[in-house]
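Scroll down for the structure; my scribbles are underneath it.
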Amino acid sequence: MAAKKRKTAKKTKTKKTVQRKNATQKKSAAKPKKTAAKKRTSRKTQARRFARLRFFGKWLFVLSVWAGIFLFGFILYYARDLPGTDDIVSVPARTGITILAHDGRSVGTYGGVRGQDVYADTLPAHLVNALLATEDRRFFSHFGLDMRGLARAFTRNLREGRISEGGSTITQQLAKNMFLSHDRTVKRKIQEALLALWLEQKFDKEEILTAYLNRVYFGAGAYGIDAAARTYFDKSAVALSLEESALLIGLLQAPSRYSPFSNPDLALRRTVTVLYAMADAGYLDRGQLDGVTAQNLPLRFVDARGDHADRHFMEWIADSIGGFVGTTGRNLVVTTTLDNAMQDNSAFLLRRMLDTHAQEKNAGEAAFLALSPDGAVRAMVGGRDYAQSRFNRAVQAERQPGSAFKPFIYLAALLQGMDMSSVIDDAPLTPEEAGGYTPENFAGRYYGPVTLEDALAFSLNTAAVRLMRRAGIGHVIAAARKAGITSEMRRDLSLALGSSEVTLMELTAAYAVFANGGFSVYPYAVLEIRDDAGQILYSRDAPEIERVFPARIIRRLDVMLETVVTRGTGRAAAVDGARVRGKTGTSQNARDAWFIGYTENIVAGLWMGNDDGRPMTGVTGGTLPAQLWAEIIGGSDLTDLRYRPPTAEGEGIGGLLRRMFGGEEDGGASGFRGDNTERFN
């Protein structure tokens with residue numbers, strides 16, 4: 001039994017061995033088949049990978065092409081209105097203007113005053129180092145754009161949530177100053193970057209520094225480092241000291257804010273900041289700055305621009321130059337009609353009166369203008385202080401003249417055949433009489449029947465309205481137009497009390513027609529313009545005179561305006577030894593107060609009020625304006641400003657003979673006609 005079991009186990013073992021051998025043989029036979037399958041799978045995988053790579057490569061190429069096209073279009077779009085090569089090479093110089101008074105004495109300089117062109121390598125090293133330390137420390141290592149600076153500016157702007165730092169290089173600033181606007185837009189920044197790259201390719205670093213220093217603005221009308229050195233220190237740029245260089249470079253950040261003329265303390269503190277920036281950049285030893293403060297800097301400024309008192313006039317002149325000579329690209333010398341003594345006197349007295357009475361009377365501003373009777377501007381004070389406000393109230397402010405407009409009503413009445421002794425009723429107006437407009441007299445007093453002379457002298461409102469109704473609104477407007485009022489005038493009865501705004505220049509020039517006997521007046525100030533080589537570019541020729549009002553009518557109005565000063569509302573304007581004629585004016589609620597008057601040699605207008613239209617307290621045209629007018633005219637030497645009245649057809653001996661033996665005395669000007677269309681409501 002045991003032997004049988006062993007035999008059976010042996011057979012089973014043998015059978016398993018055979019089965020294992022057969023399985024091994026089968027595996028050996030199947031192995032080549034699996035290897036072949038693996039190889040086929042590997043080739044398919046590689047093919048798929050290659051196809052994917054080819055797909056991505058193709059689209060990457062397509063995207064690259066489109067990106068290139070987009071970039072090209074992007075650059076083309078922003079570069080299309082950039083200046084061409086010729087424009088870049090030949091940028092016109094800014095024109096500087098030297099303004100002279102009528103006697104040849106200097107008033108000051110204005111505009112793009114230029115010194116000599118200088119080269120960066122001829123300037124003091126501390127000047128260039130101050131520029132690099134404050135404006136572009138990596139100037140000599142970047143390619144026009146400072147990527148580190150841009151990243152720093154981007155991070156700071158992102159952190160502060162506003163644009164507080166620009167990251168511009170000197171090259172970018174040159175591109176902006178020479179060719180682009182100062183708008184803070186994306187387009188301008190892109191164009192600035194493109195131009196900076198172009199400049200770096202076109203010019204070397206020294207040339208870029210030279211161009212920048214010769215063109216950048218330093219304030220006070222000074223373009224270029226040499227002009228700035230002469231403007232602030234009266235010396236050449238090559239002679240600037242370390243401290244002077246630091247001050248001028250400090251101006252670049254904000255020329256007006258850091259101006260030593262208007263903000264000397266701030267300018268000195270900025271200078272110290274620049275000096276410490278130089279030390280931080282390694283250009284100065286910090287030991288050199290021990291004890292240096294804004295109070296002990298060895299700096300002395302020289303203001304060669306003229307006093308602030310002249311600046312409104314100078315700016316007015318500068319704005320008009322293009323109309324005479326166009327754009328010349330040259331420094332100009334302009335001889336004007338200004339009288340330095342009257343200008344200085346009027347500016348001083350005007351400011352003193354405001355300083356004295358501004359708070360008490362709530363009067364913040366004033367303006368003064370003086371003309372010769374032919375229209376030559378002798379003095380112009382556009383406001384209390386040019387440094388605080390460049391707004392020229394003598395020529396730009398349109399304000400209600402109040403009763404200063406009334407002479408045109410009386411002029412129209414005289415032209416209609418009335419006389420200074422004609423009578424008009426001064427009494428309250430009925431609604432039917434005035435069409436719903438019911439003005440009252442000042443202080444509520446009425447005088448009944450009065451002569452035209454008295455009605456004007458005491459500035460009676462109801463009498464003026466009745467007179468305008470009688471003369472005709474159209475005739476009043478026509479008379480004002482002939483005298484030189486160009487502003488729009490309301491065609492209703494409120495015009496009688498000066499409801500339509502005018503400028504001080506406009507109204508003063510119109511009174512000059514009364515002063516010169518009835519001839520047209522066109523204000524002027526420029527006599528001659530030369531370039532800095534002495535070539536005459538413009539010389540004024542006296543225009544042909546034109547009579548606009550009959551002489552006899554102007555003589556009557558002249559007497560009436562004298563009565564205003566001798567016994568009417570303008571008594572405060574009387575000047576010893578002078579025959580003054582004029583008229584006061586006060587707008588509603590004392591928002592404006594005027595006195596416009598004249599003597600034989602001068603016509604002057606004075607306005608007082610507030611820029612925001614706030615009412616003044618206790619100020620009328622017959623108070624502070626008339627007083628100040630008398631102070632200025634009485635304190636001015638008019639010896640050199642004597643006026644010789646014009647003669648025209650109808651004047652002189654011929655006119656006298658015609659008046660004696662009949663005929664028209666006014667040379668044909670009596671044919672006065674006006675549009676008498678009236679609108680009462």
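What follows is calculated from the coordinates using simple rules that are stated; it is not laboratory data. All figures in this text were calculated on a predicted structure; none of them were measured in a lab. Here the Cβ is made from the backbone with ideal geometry for all residues, glycine too, and neighbour counts use every protein chain on show.
Pairs of Cα atoms nearer than 8 Å and 6+ residues apart set the relative contact order; for the stretch 441-569 it is 28 percent.
Counting every other Cβ atom within 10 Å of each residue's Cβ, LEU247, LEU467 order from fewest to most as LEU467, LEU247.
What shape does the stretch 185-324 take by its C-alpha gyration tensor, where a ≥ b ≥ c are the square roots of the eigenvalues and a/c under 1.5 counts as rounded, a/b above b/c as prolate, and the rest as oblate? Judged from the Cα gyration tensor, the stretch 185-324 comes out oblate (a/c at least 1.5, b/c at or above a/b).
Using Cβ contacts closer than 10 Å as the measure, can you line up TRP198, TRP607, TRP59 from fewest to most?
Working: TRP198 17, TRP607 27, TRP59 10.
Ascending number of Cβ neighbours within 10 Å: TRP59, TRP198, TRP607.
Ranked for footprinting exposure by Cβ neighbours inside 10 Å, fewest first, PHE408, PHE139 give PHE139, PHE408. By the Kirkwood approach, averaging reciprocal distances over each pair of separate Cα atoms, the stretch 530-606 gets a hydrodynamic radius of 15.5 Å.
The reciprocal of the average 1/r between distinct C-alpha atoms defines the Kirkwood hydrodynamic radius, which for the stretch 259-381 equals 18.7 Å. My understanding is that a pair violates if its Cα-Cα distance is over 23 Å; which of LYS176/LYS205; LYS361/LYS406; LYS205/LYS235 do that in this structure? Violating the 23 Å limit, Cα to Cα: LYS361/LYS406; LYS205/LYS235.
Averaging Cα coordinates gives a centre for the stretch 486-502 and one for the stretch 190-233; these two points are 51 Å apart.
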